[in-house]
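Down below is the structure, laid out as structure tokens.
The values are calculated or read from the model by the stated rules, or taken from the named source; none is laboratory data. Note that the structure is predicted; figures quoted are calculated from it, not measured. Because the Cβ atoms are built from the backbone with ideal geometry, glycine has one as well, and the counts that use them run over all protein chains shown. Note: areas computed on protein heavy atoms with side chains; ligands, DNA, RNA excluded. Shrake-Rupley method; radii C 1.70, N 1.55, O 1.52, S 1.80 Å.
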Amino acid sequence: PDRVFVSGFSLGGGMASRLACDLSERVAGIAVVAASLQGWDDCEPAVPVPVLAIHGVEDDVAPFTGLPPELPALPDWAAFWAGVNGCGRDPLPSQTITGRIWHWPVCDDGATVTLMGLNQAGHTWPRVAQVAVVDGEDVPLSTTDVIVDFFNGL
């Protein structure tokens, strides 16, 4: 019961975010794909919650740049979680083969926040979310692999 993880796609990702807001004492971490959260301005978790967001920059259903006033831009949404989790304001950005990553590594209670903006991905559960180098070879990691690795690291 103390290691409840929530993941969701699109509206399911919004639900995962809402659960982190309302049941933060029970949620050990969330991973959302192609989602943010309507009503995020009334999110007040009691404790920090680790967050991973994977989002296509070409998403036309839940745009990466937001859909005001309903949906925030994903960098703003991630910065909100970083603030709630006591991470500080400035992420460590990096460019990868698959897109751009914003990562807040130093947060209260180890509740890191990571946003992955994937190039050439729309409103989908991307088959490849990241490429890792293993023994000098590029190894594609699926969205599911990245989420499982994130949860295993908590």
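The residue pairs whose first member lies in segment 42-71 and is under 26 Å from P105 (Cα atoms), whose second member is surrounded by fewer than 18 Cβ atoms within 10 Å (Cβ to Cβ) and among the hydrophobic types (A, V, I, L, M, F, W, C), and whose beta carbons are closer than 6 Å, counting only pairs six or more residues apart or on different chains, are P50/L154; F64/V57; T65/A73; G66/A73. Inspect segment 126-135 for any residue being open to solvent by less than 50 Å² (accessible area, probe 1.4 Å), in a strand (DSSP E or B) and modelled with pLDDT of 95 or more and give the result as yes or no. No, there is no match, as no residue in segment 126-135 is open to solvent by less than 50 Å² (accessible area, probe 1.4 Å), in a strand (DSSP E or B) and modelled with pLDDT of 95 or more. Is there a residue being on the phi < 0 side of the Ramachandran plot, assigned to a helix (DSSP H, G or I), buried (at least 18 other Cβ atoms within 10 Å of the Cβ) and among the hydrophobic types (A, V, I, L, M, F, W, C) anywhere in segment 93-102? No, that holds for no residue. Select from segment 18-59 the residues that are of a type in the set (D, E, K, R) and open to solvent by 50 Å² or more (accessible area, probe 1.4 Å) and list them in ascending order. Answer for segment 18-59, where residues must be of a type in the set (D, E, K, R) and open to solvent by 50 Å² or more (accessible area, probe 1.4 Å): R18, D22, E25, R26, D41, D42, E44, E58.
Would segment 74-85 turn up any residue that is in a loop (DSSP other than H, G, I, E, B) and either within 21 Å of A16 (Cα to Cα) or touching a residue at least 60 places away in the same chain (Cβ under 8 Å) (or both)? Yes, that holds for at least one residue. If you go through segment 68-92 and keep only what is open to solvent by 80 Å² or more (accessible area, probe 1.4 Å) and either over 23 Å from L141 (Cβ atoms) or small (G, A, S) (or both), you end up with P68, P69, E70, D76, R89, D90.
Looking at segment 68-78, is at least one residue in contact with a strand residue (DSSP E or B) (Cβ under 6 Å, 6 or more places away or on another chain) and of a type outside the set (A, V, I, L, M)? Checked segment 68-78: no residue is in contact with a strand residue (DSSP E or B) (Cβ under 6 Å, 6 or more places away or on another chain) and of a type outside the set (A, V, I, L, M).
All of (1) under 15 Å from A129 (Cα atoms); (2) out of contact with any His (no Cβ under 8 Å at 6 or more places or on another chain) hold for E44 with one exception: (1). Among the criteria (1) free of Cβ contacts under 8 Å to residues at least 24 places away in the same chain; (2) of a type outside the set (A, V, I, L, M, F, W, C); (3) loosely packed, with under 14 Cβ neighbours inside 10 Å, the one D109 does not fulfil is (1).
Of the numbered criteria (1) hydrophobic (A, V, I, L, M, F, W, C); (2) open to solvent by 50 Å² or more (accessible area, probe 1.4 Å); (3) without any contact (Cβ under 8 Å) to a residue 60 or more places away in the chain; (4) closer than 20 Å to W104 by Cβ, the one V6 fails is (2). Reported count of residues in segment 107-125, each being closer than 15 Å to G83 by Cβ and either of a type in the set (G, A, S) or at pLDDT below 95 (or both), is 1.
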